[in-house]
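First comes the structure, then the notes that go with it.
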């Protein structure tokens, strides 16, 4: 890939990802069926934290175009605590070295939509920019519950340290 071309790709991903889930949510899942089937064949992270997050129920209101989430007591108890999550990085800030990204338990299969459901993605704001990688990455930081139904983001880690 030529220098700078990743930045254009990452910017496109961040813009399209913010609109992808609502368009696809007319189905019971936020992911197209063919992507969901392909996703099952690829690696995904099986950490205990992901098991907790995926127990949170996700809903979609077709009339308002907004996602919602029912947060379990186990996940509510994590709010404000320092946690570590492992997953795959999807840059959101349009640069080759990113401080703002999504981390997901699933291997991405489409560069324009986050892989999986909204309860399988965490927004991350890192202390230092990291180079993008397709390898599993560990993120440690302060976990918080957020409510961005428009972008289908409900979990965030801030002031994160990243291990690649």
Check: By average Cβ neighbour count within 10 Å, what is the ranking of 143-155, 75-87 from highest down?
Finding: 143-155, 75-87
Check: Given a cut-off of under 8 Å on Cα pairs at least six residues apart, what relative contact order in percent is computed for region 62-164?
Finding: 31 percent
Checklist line | Per-pair calculated FRET efficiency, R0 = 25 Å: residue 46 and residue 84 via Cβ, rounded to 0.05 | finding: 0.95
Next item on the list: Calculate, in whole percent, how much of the Cα-Cα pair population of region 41-164 lies beyond 27 Å.
Entry: 12 percent
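Any chance you could run the full-extension gain for residue 150 through residue 64? It's 0.36 nm times the residue separation minus the Cα-Cα distance, nm to one decimal.
30.0 nm
We did not get these values from a lab; they are worked out from the coordinates using the rules stated. Fair warning: this is a prediction, and the values are worked out from it, not measured in the lab. Neighbour counts run over all protein chains shown; Cβ positions are idealised from the backbone, glycine included.
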